[in-house]
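The values are calculated or read from the model by the stated rules, or taken from the named source; none is laboratory data. Since this is a predicted model, take the numbers as computed values, not measurements. As a convention, Cβ positions derive from the backbone with ideal geometry for all residues, glycine included, and neighbour counts pool all protein chains shown. We work out accessible area using only protein heavy atoms, side chains counted, and drop any ligands, DNA or RNA first. Shrake-Rupley method; radii C 1.70, N 1.55, O 1.52, S 1.80 Å.
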Amino acid sequence: MARRKTARQLIRRFHILLKNKAIILNKLELTEETYKNQLNLNKNKTYQDAKNAILQTLKVNKTPSTNDFQLTGLNRSQLIGKLGEIEGEIEKRGGLETYQSASTQGQDGKRGGDSSKKLVEWLRELKCYSPSDDTNNTTVKSPTAMEIGCLSSQNEISKCKIFHSVTKLDLHSQEPGVIEEQDFMERPIPKTDASRFDLISCSLVVNFVPDAEARGEMLRRITKFFKTGNDWPKMLFFVLPLPCITNSRYCDDASFGIIMEKLGFVEIRKHTSNKLAYWLFEYDSKRRNLKFSVKKKELHPGGNRNNFCVVLS
Ligand SMILES: C[S@@+](CC[C@H](N)C(=O)[O-])C[C@H]1O[C@@H](n2cnc3c(N)ncnc32)[C@H](O)[C@@H]1O
């Protein structure tokens with residue numbers, strides 16, 4: 001119980017750090033891919049001093065603070081200092097690997113984790129990927145899947161034998177050679193169905209993306225990875241922490257539903273547990289509205305709400 005609480009606190013702290021890092025990069029008009037070179041961070045004294053100070057003083061065995069960073073009114077040099085503090089803290093807490101292994105603890109079967117169990121339960125119930133009775137039709141290949149943000153090759157999606165193959169990828173692979181180490185946002189857009197998929201799983205990843213526009217971009221990008229052939233239905237398994245749709249200032253079940261609908265997704269199944277919201281969507285490119293945009297809009301004012309938001313531009 002105590003370990004689980006510590007893991008939760010750590011995950012929350014990493015979310016705060018990553019969110020504030022994204023805000024700083026946005027204010028500095030830099031991107032995740034290029035900022036290190038553009039700021040010449042290895043030689044940037046302000047950044048290095050701030051980072052080293054945190055590395056030397058931060059006590060990682062203390063309960064991490066839940067406070068956000070105060071970034072308003074800071075000039076460029078102060079923002080670079082804050083960036084150093086954030087990266088110092090990420091490093092001192094063991095890097096993103098620690099974040100991932102805290103998340104893996106949440107996935108441990110004994111703790112009731114591995115959200116893909118829900119996916120497999122639904123797929124078996126729907127029988128949507130079962131071979132047809134037309135046994136003479138040998139041209140139809142088994143469905144393929146991609147798991148974005150994969151922490152383990154032992155997840156139900158990989159073990160269920162429904163898929164011919166499951167392409168697994170993560171920003172930081174915990175099983176090199178089995179889970180591709182790749183930023184999905186950098187994965188080349190497929191040109192043929194051979195590198196597209198029938199089912200895509202994106203569980204607890206979009207909330208990990210610290211920026212509202214990048215979240216929308218990720219959802220839009222996912223639609224480009226579905227096969228175009230009619231052999232099998234095109235499905236998206238999607239999971240968010242429940243408070244993203246029940247306690248956000250900018251997002252709720254209805255507004256998120258509209259975003260998904262405009263992207264071409266039809267809700268097939270939905271389930272909420274105490275902490276998570278799970279969806280199974282079917283993708284239909286003919287329903288997609290390419291001109292649709294969604295801006296950040298306060299839907300539910302109130303002090304005790306989070307700022308989860310998805311923007312489509
Ligand atoms: C909270 S974990 C969730 C893991 C698992 N899918 C689950 O449902 O428990 C989020 C994972 O998404 C990965 N991730 C976040 N953004 C990503 C991206 N752009 N491309 C690939 N993986 C990403 C992170 O590295 C992290 O391992």
Worksheet item: If you take the square roots of the eigenvalues of the alpha-carbon gyration tensor of segment 2-98 and sort them as a ≥ b ≥ c, do you get rounded (a/c under 1.5), prolate (a/b over b/c) or oblate?
Response: prolate
Item to complete: Round to the nearest 0.05 the FRET efficiency obtained for SER195 and ASN306 when R0 = 30 Å and r is the Cβ-Cβ distance.
Response: 0.25
Worksheet entry | Computed accessible area, THR228, all protein chains, 1.4 angstrom probe, square angstrom | 100 Å²
Worksheet, complete the sentence: By the C-alpha gyration tensor axes a ≥ b ≥ c (rounded if a/c is under 1.5, else prolate when a/b exceeds b/c, else oblate), the shape of segment 150-225 is oblate
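At a Förster radius of 41 Å, what calculated FRET efficiency corresponds to the Cβ-Cβ distance of ARG287 and GLN48, to the nearest 0.05?
0.20
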Discussion item. I'd like the FRET efficiency for LYS62 and THR272, computed as 1/(1 + (r/R0)^6) with the beta carbon distance as r and R0 of 51 Å, rounded to 0.05.
Written reply: 0.95
Worksheet item: D for segment 208-262, whole µm²/s, Stokes-Einstein with Kirkwood Rh over alpha-carbon pairs at 37 °C and 0.692 mPa s: what number?
Response: 254 µm²/s
Worksheet entry | Å² per residue, accessible surface of the chain at 1.4 Å | 54 Å²
Fill in: Built amide H within the under 5 Å cut-off of PHE197, gap 5+
PHE226, LYS227
Fill in: 10 Å binning of all Cα-Cα separations within segment 203-303, expressed as whole percents from 0 upward
14, 48, 31, 6, 1
Discussion item. Using the basic label-point model (7 angstrom from Cα toward the beta carbon), what is the ASN40 to LYS127 distance in nanometres?
Written reply: 6.7 nm
Practice prompt. Measure off 7 Å from each Cα along the Cα-to-Cβ vector at SER313 and LEU71, then give the distance between these two points in nanometres to one decimal.
Written response: 1.5 nm
Worksheet entry | Neighbour cut-off at most 11 other Cβ (10 Å), DSSP loop, trypsin sites (Lys or Arg not before Pro), segment 145-185 | LYS161
Item to complete: Could you tell me how many degrees, from 0 to 90 and to the nearest 10, lie between the Cα long axis of helix 253-262 and the main elongation axis, the longest principal axis, of the Cα atoms of the chain?
Response: 60 degrees
Fill in: Alpha-carbon spread of the chain, three principal axes, descending order, Å
70, 42, 38
Worksheet item: For segment 206-313, what % of the accessible area comes from carbon and sulfur atoms, probe 1.4 Å?
Response: 48 percent
